[in-house]
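The values are calculated or read from the model by the stated rules, or taken from the named source; none is laboratory data. Worth saying up front: this structure is predicted, and the values here are computed from it rather than measured. Cβ placement follows ideal geometry from the backbone for every residue including glycine, while neighbour counts extend to all protein chains displayed.
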Amino acid sequence: MEAAVLEDGAGYVQESINPRLDLFSEIERLKDERNAVLLAHYYQEPEIQDIADYIGDSLGLSREAADTDADMIVFAGVHFMAESAKIMNPAKKVILPDLNAGCSLADTCPADEFEEWLQQYPDHEVVTYVNSSAAVKALSDVTCTSSSAAHIINQIPDDQPIVFAPDRNLGKYLKRETGRDDMVLWDGVCIVHETFNEQKLVRKQARHPEAEIIAHPECEEVVLDRAAFIGSTSQLRRHVGESESDSFIVATEEGLLHQMRKDNPDKELIPAPPDSGCNCNQCPHMRLNTIEKLYLCLKHEKPEVTLEPGIREQALQPIERMMEMSQSIG
């Protein structure tokens, strides 16, 4: 069963835009007219972050989506995030600038394959990272974000076996953090965090010996072993502001550095080096959303993310459980 009904065509509105049009003013006008809230992930391009009503990581965005009184949610992020907003707000219209903005983790964990794989572990609690489709969430007992995962796992009894999906790197990190060595992991990775190269990271640190390495837990273990601090996007942002260090090598998607630099104009923020010379530390899915697509999305109120009622109702339960189990996290 498909979780979402996607529109035909390119996945985004195609239309010529007057080059003289002030897109930022038009977006603000359209938001007011439609009583729309613009939620943006840290990995969006800087122009979108600067015009967003709320910028956050997956946990923060989930909370904001659950609490909003807007009539329409414009989600500048990837498809699973917009799906989650729709799961929590079935009566609200949820639109996404580009429906093709997917996620490597979600894409490598198809619901039918995941359901079949779970048959091997009938007695396991299924803890699923929010970087997953609504159909996969519907097969889960509780969802989590990178900032809430350890907190949630620690609330599950020690004698209860656990399956964690879909990020194996985050799963390995959580095994170390929680002591749950028997946790079974789905074999998925984030294409951005997987590309950070340990050898190049060592060379970068040699050129910046004063810099503190900070990393997202979706990175490979060899990168995490080099990090002085490991945390979610919001935790990394907060750490840079609180740390006495003045220089940081940041191993996560490069979009986060925009907010870090705004928060800390006097601190040096250096992107961690990927395997190749490409912009591999920029998520190609997140970057499908542009300020032009955002404007057209609001203008035409599409493309819209919709869910089949059965999927939505099943996926809501693990999300609500995540929100309840995460209440004490700041």
* Asked: Counting just the residues of the stretch 111-124 that are outside any helix (DSSP H, G or I) and without any contact (Cβ under 8 Å) to a residue 12 or more places away in the chain, which one comes out farthest from Val189 (Cα to Cα)?
  -> Pro122
* Asked: Of the residues that make up the stretch 236-245, is at least one among the aliphatic types (A, V, I, L, M) and in a loop (DSSP other than H, G, I, E, B)?
  -> no
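Yes/no matrix, rows are residues, columns are (1) of a type in the set (A, V, I, L, M, F, W, C); (2) buried (at least 24 other Cβ atoms within 10 Å of the Cβ):
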{"residue": "Asp112", "(1), (2)": "no, no"}
{"residue": "Glu115", "(1), (2)": "no, no"}
{"residue": "Asp123", "(1), (2)": "no, no"}
{"residue": "Tyr129", "(1), (2)": "no, yes"}
{"residue": "Ala135", "(1), (2)": "yes, yes"}
{"residue": "Ala138", "(1), (2)": "yes, yes"}
{"residue": "Ser146", "(1), (2)": "no, yes"}
{"residue": "His151", "(1), (2)": "no, no"}
* From the set of residues in the stretch 227-247 that are closer than 18 Å to Gln205 by Cα and touching a helix residue (DSSP H, G or I) at 6+ places or on another chain (Cβ under 6 Å), which is surrounded by the fewest Cβ atoms within 10 Å (Cβ to Cβ)? -> Phe229
* **Selection within the stretch 291-330 - surrounded by 19 or more Cβ atoms within 10 Å (Cβ to Cβ) and not aliphatic (A, V, I, L, M)** => Lys293, Tyr295, Cys297, Pro303, Glu304, Arg312, Pro318, Ser326
* Asked: Being surrounded by 14 or more Cβ atoms within 10 Å (Cβ to Cβ), farther than 30 Å from Glu116 by Cβ and without any contact (Cβ under 8 Å) to a residue 60 or more places away in the chain, is that true of even one residue in the stretch 14-23?
  -> no
* To do: Being over 22 Å from Ala315 (Cα atoms), within 17 Å of the chain's Cα centre (by Cα) and of a type in the set (Ser, Thr, Tyr) narrows it down to one of Tyr42, Tyr12, so name that one.
  => Tyr42
* Set Val78, Val94: member being over 14 Å from the mean Cα position of the chain (by Cα), under 19 Å from Met286 (Cα atoms) and not assigned by TED's automatic domain parsing to the domain that holds Ser133 -> Val94
* **Complete set of residues in the stretch 216-261 that are more than 24 Å from His285 (Cα to Cα) and without any contact (Cβ under 8 Å) to a residue 12 or more places away in the chain** => Asp225, Arg238, Glu242, Glu244
* To do: Among the residues of the stretch 250-272, write down those that are polar (S, T, N, Q) and part of a strand (DSSP E or B).
  => none
* **Test: residue in the stretch 80-90 that is without any contact (Cβ under 8 Å) to a residue 12 or more places away in the chain, out of contact with any Asp or Glu (no Cβ under 7 Å at 6 or more places or on another chain) and surrounded by fewer than 17 Cβ atoms within 10 Å (Cβ to Cβ)** => no
* Determine which single condition Gly171 fails, assuming it passes every other condition in (1) without any contact (Cβ under 8 Å) to a residue 24 or more places away in the chain; (2) surrounded by fewer than 20 Cβ atoms within 10 Å (Cβ to Cβ). => (2)
* To do: Tell me which residues, restricted to the stretch 21-71, are under 19 Å from Ile329 (Cβ atoms) and out of contact with any His (no Cβ under 9 Å at 6 or more places or on another chain).
  => Leu39, His41, Tyr54, Leu59, Gly60, Ser62, Arg63, Glu64, Ala65, Ala66, Asp67
* helices (runs of 4 or more DSSP H) contained entirely in the stretch 16-84, each with at least 3 residues that are closer than 22 Å to Lys262 by Cα and modelled with pLDDT of 95 or more -> 23-34, 46-51
